[in-house]
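Single-structure report; data block below.
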Amino acid sequence: AVLDACEPRGIYVIAALTDEYATGFSPQGDDGGYYLDGNGYTVLSPDWYSGGWRDHYAAWVETVVARNAGHPALFGWEAGNETKQPADPGAWLAWMTEISAKIRAHDPGTPILAGTIDIGSTYVSDTSSLVGVVDVLTVHLYDGASTNDLATAESLGMPILVEETGFSGGDRAASIAGNSSWAFGA
């Protein structure tokens, strides 16, 4: 219904299939997959990334992707918003690889976005391992943050999307101009 309502308005949707944080935007039954990390955030647990995602999330992904594959208002699929696994980046990459394959099996024509804050937040040391797993790198730039992900995207031959941005205060116009300069290499 959301995609159908967006299409005539020229709005494109990035469909995030779960959230790293316990916001309630996750598949039914995945509540037990969250834990309180050492930084005070309730996030997806190492056990979830190591295979717990198969309990509820996998079926959710297959159902949602199969039902909405190729919709004209769908800009791209995102396995999850700001997902990461600092304790075991290999488990995160294995999850992303398997989920991307499931998405592509149902919808080979719609891009898969990384959904990450930046490449560094994945803790994956070999960024070339993302080639074939995701089609678009993403960054979330808040309060003037910048990243070297433009160079990474160029080296991998991938586009990059500033997916989230904002400022908590100060001269927001100047801050947006600074972020725009970063994004456009000015």
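Dipole magnitude for region 1-62: about 120 debye, using +1 per Lys or Arg Cβ and -1 per Asp or Glu Cβ, origin at the Cα centre. Alpha carbon centre of region 98-116 versus region 31-67: separation in Å? When both Cα centres are located, 17 Å separates them.
Relative contact order for region 62-140: what percent, with Cα pairs under 8 Å and sequence separation of 6 or more?
Rounded, it is 37 percent for region 62-140.
Counting only DSSP beta bridges with both residues in the chain, the antiparallel share comes to about 20 percent.
The residue among Tyr12, Val133, Gly29 whose Cα reaches farthest toward the positive pole of the charge dipole of the chain, with charges on the beta-carbon of Lys, Arg, Asp and Glu, is Tyr12. Counting 0.36 nm for each residue step from Val64 to Asp143 and taking away their Cα separation leaves a gain of 25.1 nm. May I ask for the percentage of alpha-carbon pairs in region 128-180 that lie more than 14 Å from each other? When every Cα pair of region 128-180 is considered, 55 percent fall beyond 14 Å.
For His106, the accessible area of its heavy atoms, probed at 1.4 Å with every protein chain present, is near 70 square angstrom. The Cα center of region 70-86 and the Cα center of region 153-186 differ in position by 20 Å. For the chain, the fraction of C-alpha pairs more than 20 angstrom apart is 57%. Computed over protein heavy atoms with a 1.4 Å probe, the carbon and sulfur contribution to the accessible area of the chain reaches 55%.
Tyr41 contributes an accessible area of around 130 Å² to the protein surface, as traced by a 1.4 Å probe with all chains present. Under unit Cβ charges (Lys, Arg +1; Asp, Glu -1), what dipole magnitude, rounded to 20 debye, does region 1-114 have relative to its Cα centre? Roughly 320 debye, rounded to the nearest 20. For region 74-161, a simple Cβ point-charge model (Lys and Arg +1, Asp and Glu -1, everything else neutral) yields a dipole of about 200 debye relative to the Cα centre.
The values are calculated or read from the model by the stated rules, or taken from the named source; none is laboratory data. It should be emphasised that the depicted structure is a prediction, and the values quoted were computed from it without experimental measurement. Quick reminder, even Gly has a Cβ in these numbers, built from the backbone with ideal geometry, and neighbours come from all protein chains shown. Only protein heavy atoms, including side chains, enter the accessible area calculation; ligands, DNA and RNA are left aside. Shrake-Rupley method; radii C 1.70, N 1.55, O 1.52, S 1.80 Å.
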